[in-house]
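Heads up: the structure comes next, in structure tokens.
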Amino acid sequence: MDTKTIDRRHFLIGTGALVGAGGLVGPWAQSAFAQTKPSQMVLMTWGGLWGDCMRDSADAAFEKETGVKIIQDRGSSPPERITKIKVSVDDQKFDLVQLHDGIVPLAVSQGALEPINRNSPRLTNLKNVPDRFIQSHWVAMIYSPLGIVYNTKLVKEPPKSFADLWRPEFKGRIVLPEITHSIGPYIIPIGAIAAGKAPSDEEAGFEMLRKMADQQPIWAKDTDTIMNSLRNEEAVIGLLYKSQTFTVQGWNTPVEWVFPSEGAILYTSGTGIAKGTKNLELAETYLNLTLDPKVQIAAAEKFNYPGTNTQTEALLPPELQARVRAAPGEMDRLIDLDHASMAAKRPDWTSRWNRIIAAG
């Protein structure tokens, strides 16, 4: 998107877009202090298929319910979304932002998000979302365990644990997210886990990173590169979300996903409300829709992501239920990383990662 387009959109949002448009029948309008209804609101999210999915599900449902159109800002990375909110907070041009769990602590520490009001009459779906998916300023919409994917044709002995990524026979055939990837820093706690240490033992993690550098892995900038490396058999093993393993299988690639014996890493993605939004009650209505089972099934259908609402799975056809359902005991064995600590250490970790890989 060019600068003129961005500037024009911001001009429209800052002028005519927020002019009142009458009343609204719905939970948000029941307050005696209900805000004036705008003609449109802005959601910052990922582009591509995910943005299309949101457009056709939550965005469409929101416009139907409220009469307010959602405009998507797809051109920003998660850190850039946080910066945009920060610099606009005195005259906020944005209303909602979608982020993955690893960067939420940064958004909170920089004052980019409104706190979640659990008692809001507009957040009716929160009661069906487990507490592990609800943070003080953000709520997860989808999740997926991160584990090991491998080629069943080319790997003779199937991996069982994260530690198996360091097996000598995989040298040059491992695909991993590089440090700039949203889950790039995860290789440090995964390395610590593989060494039999706690995920928080960063020194153990970096020692295992040095050993991994000797394995000469394929470092991928994005998840599509991970999947394509498996598809073209450049890689025979790597880290991948369970949900996206089904995408690779759909390309007729003989891969299977493994829940590591040490436990899989929990990955979540969701929505927060931009600090200083002029449309707080409507933003709560939108956030609530991202937690609606009828909206969450769209992400399951397109990406095999389980929804965080416990009522979502029952609405899926049997084949999809089998894909998103955790085996008995697996939810208890998902590892919640300390994202706040990792976010604070990310600059230092990035520098250390670069030095180790450059020397490898």
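Laboratory data are not the source of any read-out in this text; all were calculated from the coordinates shown. This one's a predicted model, so the numbers in the text were calculated from it and none came from an experiment. We place every Cβ from the backbone using ideal geometry, glycine too, and count neighbours over all the protein chains shown.
Give the Kirkwood hydrodynamic radius (Å, one decimal) of the stretch 223-290, defined as one over the mean of 1/r across all pairs of different Cα atoms. Please list the in-between numbers first.
Values: mean 1/r = 0.0669 Å⁻¹.
Averaging 1/r across every pair of different Cα atoms and inverting gives 15.0 Å.
First measure r as the distance between the Cβ atoms of Asp56 and Thr152, then evaluate 1/(1 + (r/R0)^6) with R0 = 25 Å and state the FRET efficiency to the nearest 0.05.
On the way: r = 34 Å, r/R0 = 1.37.
With R0 = 25 Å, the Cβ-Cβ based efficiency is 0.15.
Against the empirical 2.2 N^0.38 Å scaling, what ratio does the C-alpha Rg of the stretch 226-356 come to? Each step should come with its number before you reach the end.
On the way: Rg = 18.0 Å, N = 131, 2.2 N^0.38 = 14.0 Å.
Taking N as the residue count of the stretch 226-356, the ratio is 1.29.
Of all beta bridges DSSP finds with both residues in the chain, what is the antiparallel percent, to the nearest 5? Intermediate values should be presented prior to the final figure.
On the way: 25 of 38 bridges.
Among the beta bridges of the chain, antiparallel pairing accounts for roughly 65 percent.
State, to one decimal in nm, how far the label point of Val87 lies from the label point of Ile357, with both points 7 Å from Cα in the Cβ direction.
Label at Val87, label at Ile357, 2.7 nm between them.
Which residue, chosen from Gly67, Thr223, Leu337, occupies the Cα position most advanced towards the positive end of the dipole of the chain, where the dipole is computed from +1 (Lys, Arg) and -1 (Asp, Glu) charges on Cβ about the Cα centre?
Gly67
Using a Cα-Cα cut-off of under 22 Å, which lysines could be cross-linked to Lys211, ignoring same-chain neighbours fewer than 8 residues away?
Counting by Cα, and skipping residues close in sequence, Lys211 has these lysines nearby: Lys160, Lys171, Lys197, Lys221, Lys345.
Nearest 10 degrees, 0 to 90: what angle lies between the long axis of helix 202-214 and the longest principal axis of the chain (Cα atoms)?
60 degrees
Hey, can you grab everything whose amide H is under 5 Å from the amide H of Gly238? Only 5+ residues off in sequence or another chain; H modelled, so Pro and N-termini drop out.
Distant-sequence amide H within range of Gly238: Val149, Val175.
Assuming R0 = 22 Å, what is the FRET efficiency of Lys171 and Asp222, from their Cβ-Cβ distance, to the nearest 0.05?
Details: r = 23 Å, r/R0 = 1.06.
For Lys171 and Asp222, the calculated efficiency is 0.40.
Convert each backbone phi in the stretch 123-140 into a coupling constant with the Karplus relation 6.51 cos²θ - 1.76 cosθ + 1.60 (shift: θ = phi - 60°), then list the ³J(HN,Hα) values in order as whole Hz, x for Gly and Pro.
Along the stretch 123-140, the couplings run 9, 5, 7, 4, 5, 9, 10, x, 4, 5, 9, 10, 10, 4, 10, 6, 10, 6 Hz.
If you stretched the chain out fully between Lys127 and Glu233, how much longer would it get, using 0.36 nm times the residue separation minus the C-alpha to C-alpha distance? Mind showing how you got there, number by number?
On the way: separation 106, 0.36 × 106 = 38.16 nm, distance 4.42 nm.
Full-extension gain reported as 33.7 nm.
Which order do the peptides 105-114, 338-347 come out in when sorted by mean C-beta neighbours inside 10 angstrom, highest first? Provide the component values of the computation, followed by the final result.
Working: 105-114: 19.2, 338-347: 15.3.
In descending order of packing, they fall as 105-114, 338-347.
Under 17 Å Cα-Cα from Lys69, which lysines qualify once same-chain neighbours fewer than 8 residues away are excluded?
Within reach: Lys37, Lys93, Lys278.
Here are several values of semi-axes √(5λ) of the Cα gyration tensor in Å: (i) 87, 21, 16; (ii) 38, 22, 18; (iii) 31, 28, 21. Which one was derived from the coordinates shown?
Checked against the structure: label (ii).
Just want the ordering: Lys64, Lys37, Lys221, from fewest to most Cβ atoms lying within 10 Å of their own Cβ. Spell out each step's value before the answer.
Values: Lys64 8, Lys37 21, Lys221 13.
Lowest to highest Cβ neighbour count: Lys64, Lys221, Lys37.
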